[in-house]
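Peer 1: Okay, here's the structure, questions in a sec.
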Amino acid sequence: AQRVTQPEKLLSVFKGAPVELKCNYSYSGSPELFWYVQYSRQRLQLLLRHISRESIKGFTADLNKGETSFHLKKPFAQEEDSAMYYCALRDSGGGADGLTFGKGTHLIIQP
Amino acid sequence: DTGVSQDPRHKITKRGQNVTFRCDPISEHNRLYWYRQTLGQGPEFLTYFQNEAQLEKSRLLSDRFSAERPKGSFSTLEIQRTEQGDSAMYLCASSFPGLRRVETQYFGPGTRLLVL
């Protein structure tokens, strides 16, 4: 069975400090990894996916298959980054298409 | 097009009653997903459709739950004989996986269900 673990329910950092939201996964197949974000009073939206290897709003995430991790990083946090962040996994090999989400990390950026 | 819409946004019902939720996907999106989210948890996959065909169902989808997408456009999720454990946010998402590797699921605002 596939599983996504986000060990931190809450992460609080000061503006300008580096941010790292942890995500570990358990999956025997070939996974596709995503980060979704939910800002206050907004709907869940895709932030980035591992296959795109892109930086969105200053965030990056690298898939480490050896450590089965997909941590989200940003070098300098901004107040508008405060939100709920969810790591999610899907099978990329033609299997199930539903996303498996972690429990989420509430990121608070203090001024 | 304002994105995925869901109706109603909130529903309060008594245990044992039936409820039905509606989801309207983004136009021309052929895939439609249903998820459930309880307090303190991430969304949990329930089921998905490609056009009108229901292709996958989670073990979470008990026989009291039924989903339809009759014409491949909007979808309904019905819960029969509701239980207090059904209280949750029900999320709908849609996508158009033209190239599967770049499929993005766009989420609706959700329907919050409270079973008394």
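Peer 1: Mind checking the dipole of region A:11-111: about its Cα centre, +1 per Lys or Arg Cβ, -1 per Asp or Glu Cβ, Debye to the nearest 20?
Peer 2: Details: 12 positive and 10 negative charges, 31 e Å.
The calculation lands at about 140 debye.
Peer 1: With the solvent-accessible surface defined on protein heavy atoms using a 1.4 Å probe, which residues belonging to region B:43-59 display a reduction of at least 40 Å² in accessible area in the multichain context relative to the isolated chain?
Peer 2: B:43, B:56
Peer 1: Quote the accessible area belonging to residue A:84 in square angstrom, nearest 10, computed with a 1.4 Å probe and with ligands, DNA and RNA left uncounted.
Peer 2: The value for residue A:84 is about 50 Å².
Peer 1: If you count only protein heavy atoms and use a 1.4 Å probe, how large is the accessible surface of residue B:68, to the nearest 10 Å²?
Peer 2: Near enough 110 Å² of accessible area.
Peer 1: Using only the alpha-carbon atoms, what does chain A span along each of its principal axes? Please give whole angstrom values in decreasing order.
Peer 2: On the principal axes, chain A reaches 44, 29, 24 Å in Cα extent.
Peer 1: Please state, rounded to one decimal and in Å, the Kirkwood hydrodynamic radius that the protein assembly as shown gives when every pair of distinct Cα atoms enters the mean of 1/r. Kindly include the intermediate steps, with their values, before the conclusion.
Peer 2: Numbers: mean 1/r = 0.0549 Å⁻¹.
Kirkwood radius, the protein assembly as shown: 18.2 Å.
Peer 1: Let me ask another. How much accessible area per residue does chain B have, in Å², with a 1.4 Å probe?
Peer 2: Numbers: 6130 Å² over 116 residues.
Here the per-residue accessible area is 53 Å².
Peer 1: Rounded to the nearest 100 Å², what's the accessible area chains A and B bury against each other, both chains counted, probe 1.4 Å?
Peer 2: Working: alone 6490 and 6980 Å², together 11720 Å².
About 1700 Å² of accessible surface is lost on pairing.
Peer 1: Accessible area, 1.4 Å probe, largest first: how do B:33, B:106 sort?
Peer 2: Sorted descending by solvent-accessible area, the residues read B:106, B:33.
Peer 1: Treating only the Cβ atoms of Lys and Arg (+1) and Asp and Glu (-1) as charged, compute the dipole magnitude of the protein assembly as shown about its Cα centre; round to the nearest 20 debye.
Peer 2: 400
Peer 1: Could I ask something else about it? Place a +1 charge on the Cβ of each Lys and Arg in chain B and a -1 charge on the Cβ of each Asp and Glu, then give the dipole magnitude about the Cα centre in debye, rounded to the nearest 20. Kindly include the intermediate steps, with their values, before the conclusion.
Peer 2: Working: 16 positive and 13 negative charges, 59 e Å.
In debye, rounded to 20, chain B gives about 280.
Peer 1: Let me ask another. If you average 1/r over every pair of different alpha-carbon atoms in region A:8-48 and take one over that average, what Kirkwood value in Å do you get?
Peer 2: Working: mean 1/r = 0.0767 Å⁻¹.
Evaluated over region A:8-48, this radius sits at 13.0 Å.
Peer 1: Sorting B:86, B:7 by accessible area (1.4 Å probe), largest first, what list results? Spell out each step's value before the answer.
Peer 2: Working: B:86 5, B:7 100 Å².
Highest to lowest solvent-accessible surface, that is B:7, B:86.
Peer 1: Taking the Cα centre of chain B as the origin and placing charges on Cβ (Lys, Arg +1; Asp, Glu -1), which of B:87, B:109, B:8 is farthest toward the positive end of the dipole?
Peer 2: B:87
Peer 1: State, to one decimal in nm, how far the label point of residue A:2 lies from the label point of residue A:84, with both points 7 Å from Cα in the Cβ direction.
Peer 2: Roughly 2.1 nm, to one decimal.
Peer 1: Still on this structure, I have one more. Could you please state how large a percent of the accessible area of the protein assembly as shown is carbon and sulfur, counting protein chains only and using a 1.4 Å probe? Could you put the intermediate results ahead of the total?
Peer 2: Working: 5600 of 11720 Å².
Whole-percent figure for carbon plus sulfur exposure: 48.
Peer 1: Kindly report the accessible area of region A:1-107 per residue (heavy atoms of protein chains, probe 1.4 Å, no ligands, DNA or RNA), in Å². Don't skip to the answer; put the middle values down first.
Peer 2: On the way: 5330 Å² over 107 residues.
Here the residues of region A:1-107 average 50 Å² of exposed surface.
Peer 1: Hey, another quick one. In the protein assembly as shown, with Lys and Arg counted as +1 and Asp and Glu as -1 at Cβ, which of these residues, A:56, A:39, A:89, has the Cα nearest the positive end of the dipole, that is, farthest along it?
Peer 2: Among A:56, A:39, A:89, the one farthest towards the positive end of the dipole of the protein assembly as shown is A:39.
Peer 1: Over every pair of different alpha-carbon atoms in chain B, take the mean of 1/r and invert it; report that Kirkwood radius in Å. Each step should come with its number before you reach the end.
Peer 2: Values: mean 1/r = 0.0704 Å⁻¹.
For chain B, inverting the mean 1/r across all distinct Cα pairs yields 14.2 Å.
The values are calculated or read from the model by the stated rules, or taken from the named source; none is laboratory data. This is a predicted model, so every value here is computed, not measured. Note: ideal-geometry Cβ built from the backbone for every residue, glycine included; neighbour counts use all protein chains shown. For accessibility, only protein heavy atoms count, side chains too; no ligands or nucleic acids. Shrake-Rupley method; radii C 1.70, N 1.55, O 1.52, S 1.80 Å.
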